[in-house]
Structure formats: structure tokens, C-alpha cells
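Everything below concerns the one structure shown next.
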Amino acid sequence: MTAEPAEPEAIPDRPDGPASRPAPRRRPILAWVMLAAGAVILLSTAWVGWRAYQAYRDLQSAAAAVGALQAQFDDPAGLGATDGRAATIAGLQADAASARSAVDDPVFRLATGVPFVGPNLDAVRQVALAVDTLATDVLPALDGVARSLDPAAIAPRDGAIDPGPIAAAAPALQQADATVEAARSRLATIDRSAVVTPIGDAVAALQNKLDTAADLTGPAARTARLLPAALGADGARTYLVVFQNLAEPRATGGIFGSYAVVTADRGRITIVDQVPARALQIFQPPVGDPTEGQRRLFGPELATFPADVNLTPDFPTAARLFTQMYQARGGGPVDGVLAVDPVALSYLMKGAPALTVDGVTIDAGSVVPTLLAGAYQRYDDADQEPRDRFLADATTAAFGQVMSGAAGPEAVVAGLRQASAERRILYYSTHPDEQADLAATGLSGALDGPTESSSVGVFVNDAVGSKLGYYLSGRVAVSGGECGAEGSQLASVAVTLGFDPPTGLPAYVTGGSTDGSYRAHLLLTAPAGGSIRAAEVDGQPVGLRSGADQGRPAGIAVVDLPPGSRVTVTFYLSLPPGDGVPALVHTPTVGDWPVTVDGIGGCAR
């Protein structure tokens, strides 16, 4: 019997073969992992969203508090409300700390790296950090300064201003200003094109608030740096105080009708002498060294006649020339030149009792018409000495009253701020380091300052030697046009001058005009990098005397104004590329000029 062959023995699978694997279990594990990861992502997203909402809520509340505090600090009358301000600061700090806690959350910070969402979250974080800086470093410091440096501490009293409190406040003000500038730099790094509109708007709103804060901390810090030394805290100083006569307009305001030699010694202000500026007479050869552009615009008169040094709107130039004229006539060294006009005096005299000068009552409401109109009707021109003496006595009495403290300190501080904002108080220092610091402010009246160089300037110069500026009015309308290459923009500046004098004015007031008409030279300065293309007077093309002043393109149009007339001069210019709307600066006259700006900006580079 034949045996059946045996079944071949099964060969075991290789260890890595399919037969060695356990039953598949990876899919359920992977599903659980994915489910857990999804839950983490959802929870993280919800957490980040909640944190973002917390930050947004707190920042909204903080923004309102910052606005309220800025308004209090901006109003001298509100500086005494310390209790209410302390409560507002405490609430702001709580909101800012809560917002910072939200954006410092580790999950929130990790999410700032996520594409698209990340830049928006990071912008929220930067806003929260900036607000926290305001709440913890800036506003408490300003509150401390306000508590120790109220208007009564810095306003004139009994002929003196105490420099001590101002010097004591300087360190806190410097730190506050530096902190604000750091916060502005932080926000400037945010690319608003990469964030959604609501967050971009929030960034812009905070930037505006920081700009407002800088407008407060910058001048305050600069004042605290400069004022103690200017008041003679480190040694006596000597100044020329020039009184601008707006009856005869010049680019900075009015002719330097008279000047006083004033000393400041440890805060005590003393008028040493007061002289009519015409006593300096005529200078041949001219003094100083005006630029070629200034000579083309203003001729040799700028450096020849004391009344013409401020044909240029650049106050440092005018102050240097006037100082050289004063010293050429035997005057000694001076530390600076301060210019003030009658309207500024009226602001500073508010609330003070009336004065009587040569039988004339003068107070805040009457000082302007008295000095700019009444004096020329009261005194005959056959002998100018009585009129000059009256004007000198009146301005000295008004200045003395301001320095006496007869007006309330809040009124004086508010008046100083208003007059400075309107360019009715200008200051030049012969100390280079101080002047460099001043150049960043409107108080310097410098055409080439950081703010001024990008502005549009409209300035008036009397062309007939009259005293008719009191009857001159004006308004300005700036309109944007087509965009040009690389972000430049065409624009027009329409200046409407009005002239409304009474009848029967004497010849020395009208400048010898037989029909009572008025002639002015209207000067326009374009921003640095811009140009002036053409001009029209009441729609008719006119030629311009062209030149440059401190690197600013400039042009002068001649304007004739019969009594009761209105004349519009329109300048056409090209504005350089820029991110904002240029400021408009004009000659401070007796009345304020309405200014409108429309359609400027928005031209892409």
C-alpha cells in the first residue's frame, strides 16, 4: 500500500509579515487624537476670542477715561479737580491692567503668530500695552505735576515768576514725554493694511490720542527745560521785548513799533528802558546777512529799516537782524528777543481791573482798539512824540499789570496758551542749544522747524507805510486737486482780504493814499519740497515776485484794496508727498481768520 505524501509543513510568516500584526487599532486612536486636537483648537480659539473681547471691552472704557483726563489737563481751570482726576486715573489703571493681562496671556501671545489672525491680535496687544503705559507712567506723572504746579505757582505775581516749581517738575515731565514718544513709536510699527478695519480704526484712534498727549507733554517738558534758565535762575539775563504793532502788518504780525530792554534775575522781571524802534534809524550799509532768496523776496529793506526786519515770516531771522541793529547803536549783549502784540496783551489782561493812561481807560476789551486805532486818531502826526510816549506808557502799564498778578493766574495761563497757539507770542534765544530746542515749537516762529516746514503759510506785509491794518480782515480756503507723481498733489490756496476803514482818517494813517485805498504784499510759502505754479487776483492771472525763505518756495502778489472792497488772491501750488494734511499758518491780525481745508491728502506714492 502506497503511503500518501505528507502535507508540506507550513512555513511561518516573517516577523514583519502581515500574519504577525495584531488586529488593526490605529484608526480609532487617530480619530481620538484628532478629536482631542480639534477640541484643544476650539477651546484655544474660544479662549483667545474671550481674551480679545476682554481686552476690547477694557480698552473701550480706558479710551473714554484717557479722553476725559486729557481734557482736564488741557484746561487750566480743571487742574484743581484733583479728587475727581485721581478716581479717573484709578479706574483707567484698572481697565488698562485688565487689558494687559488679557493680551499677555500665553495662549493669546502664541496666537499672534497665526497667519491673518495674528497681525490683528498683535495690533490689539500693542494698543493694550500703549494704553497701560499711559495709565501707569504718563498720566500719574502729569497728575503729580498738576498737583504741585498749579497756575498760581507759575503765573506772574508782584513782578516775578518763581522758577523753582518749574525746575522741580522738569524730571517728571521729561520722563512722561519720553514715554509718550516711545508709545507713539510702538504704534508706528503696526501695519494697518494688514489688520481688519475695526482694529485699524482703534489703532488710528489711539495714535490720535497719543498725538494729543504729545502736544501736551512735549511743550510742557520743553518749557520746564528752558524756562528756569530764561527767568534768570542760573544768572541774570537781558532781553529785547518787541511790541508788534498790528496797525502796520508784517509777516510775523506787525512792525516792531517799540521795544523794551528787560532783565530777568531769579524770576524778577524789570523793564530797564523802552524806546520807539524808529529811534534806531536807517542802516547803511545793511546789517546782517540775509539769504539770496530773502533778498530776492524782500530787497535790501529787510536789513536796512528796523520796521522791515519781519517782512520775512521767519522770526529767528527778524530777531537776529533787530538784535544786530540794537547793538550797532550801542546796545549791549542780549540773551533773546520776545515779541508780543496787543491782542496777546488783551488775553493776559482778562479779569484784571482797568488802567488809566493819559486820561484813557484801558482794559482787556479796550487795549486793542486803543493801541491800534484810537491812538492814531487822538494824537496829531505833526508831532509824533506824544503818540509814541502814550503808546509806550500804555504798553508798559499793560505789561506791568500782567506781571503784577492783577489778573487771576488761571486767566494768565490760559491767555499765554491762546496767544502762543495764535503765534502772538514769539521767542528767540541767542543761546544755540536753547534755540535748537525752541525750533521744534511754534513759539520759535521758525519757517524751517519740524512742523512749520511742512505747512502752507499766508502772510501779509503793508506796502504803503500806513496804519490801516486794524481795518483788514481775511479768510483762507485750501482745496486739493489732482494727484501727481509719487504722491504729490495739486492744490489751490484762496485768500480773501477785506478792507473796511472809516471815513476821514488822517493822511499819516492812510499812508498818503488819496482815495483811502490800501496796498498789501501777500506772501505765500509752500511746504519744503513743494512749488508755487501760478496766481490769480479775482480770476485774472498775475505775476509773482518769487524766491525762497529757509528752503521754502515763496511768492508775493500785490493786492490793492479800495475802501469797502473784497479781493481774492488764489495761489496754485504743488504739495509734496506726505501722509497728513499740511497745517496752514497765517499772519496774526486783529481778528481771527476763518480757515477751511478740503480734499487734501490721499494721494498714493
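The numbered conditions (1) buried (at least 20 other Cβ atoms within 10 Å of the Cβ); (2) part of a helix (DSSP H, G or I) are all true for Pro290 except (2).
Considering segment 398-439 alone, what residues qualify as being in a loop (DSSP other than H, G, I, E, B) and surrounded by fewer than 21 Cβ atoms within 10 Å (Cβ to Cβ)? Step through it out loud before you land on a result.
Step one: of segment 398-439, the residues in a loop (DSSP other than H, G, I, E, B) are 405-408, 422-424, 430-431, 439.
Selection gives Gly405, Ala406, Gly408, Glu422, Thr430, His431, Ala439.
From the list Leu121, Leu129, the one residue that fits, being at pLDDT 80 or above, assigned to a helix (DSSP H, G or I) and of a type outside the set (Lys, Arg), is Leu129. Considering the conditions (1) of a type outside the set (A, V, I, L, M); (2) more than 27 Å from the chain's Cα centre (by Cα); (3) within 23 Å of Pro541 (Cα to Cα), Pro502 is excluded by exactly one of them, (3).
Among the residues here, Gly516 qualifies as in contact with a helix residue (DSSP H, G or I) (Cβ under 7 Å, 6 or more places away or on another chain), open to solvent by less than 40 Å² (accessible area, probe 1.4 Å) and at positive phi.
Condition check: out of contact with any Leu (no Cβ under 9 Å at 6 or more places or on another chain), touching a residue at least 12 places away in the same chain (Cβ under 8 Å) and closer than 26 Å to Ile532 by Cα. Does Ser473 satisfy that? In short, no.
Any residue that is touching a Ser or Thr at 6+ places or on another chain (Cβ under 7 Å), modelled with pLDDT under 95, over 15 Å from Val478 (Cβ atoms) and surrounded by 15 or more Cβ atoms within 10 Å (Cβ to Cβ) - is there at least one of those in segment 557-573? Within segment 557-573 (the criterion being touching a Ser or Thr at 6+ places or on another chain (Cβ under 7 Å), modelled with pLDDT under 95, over 15 Å from Val478 (Cβ atoms) and surrounded by 15 or more Cβ atoms within 10 Å (Cβ to Cβ)), the answer is no, since none of the residues qualifies. Here is the figure for segment 530-557: residues that are of a type in the set (A, V, I, L, M, F, W, C), outside any loop (DSSP other than H, G, I, E, B) and over 30 Å from the mean Cα position of the chain (by Cα) total 1. Of the candidates Leu523, Leu544, the single residue that is open to solvent by 40 Å² or more (accessible area, probe 1.4 Å) and under 23 Å from Ala318 (Cβ atoms) is Leu544. Taken over segment 126-143, the criterion of being over 19 Å from Gln174 (Cα atoms) and either open to solvent by 40 Å² or more (accessible area, probe 1.4 Å) or without any contact (Cβ under 8 Å) to a residue 60 or more places away in the chain (or both) is satisfied by Leu129 alone. In this structure, does Gly498 turn out to be open to solvent by less than 10 Å² (accessible area, probe 1.4 Å) and on the phi < 0 side of the Ramachandran plot? Criteria met by Gly498.
The values are calculated or read from the model by the stated rules, or taken from the named source; none is laboratory data. Not measured: the values here are computed from a predicted model. A quick note on method: Cβ atoms are made from the backbone with ideal geometry, for glycine too, and the neighbour counts reach across all protein chains shown. Note: accessible area is taken over every heavy atom of the protein model, side chains too, but ligands, DNA and RNA are not part of it. Shrake-Rupley method; radii C 1.70, N 1.55, O 1.52, S 1.80 Å.
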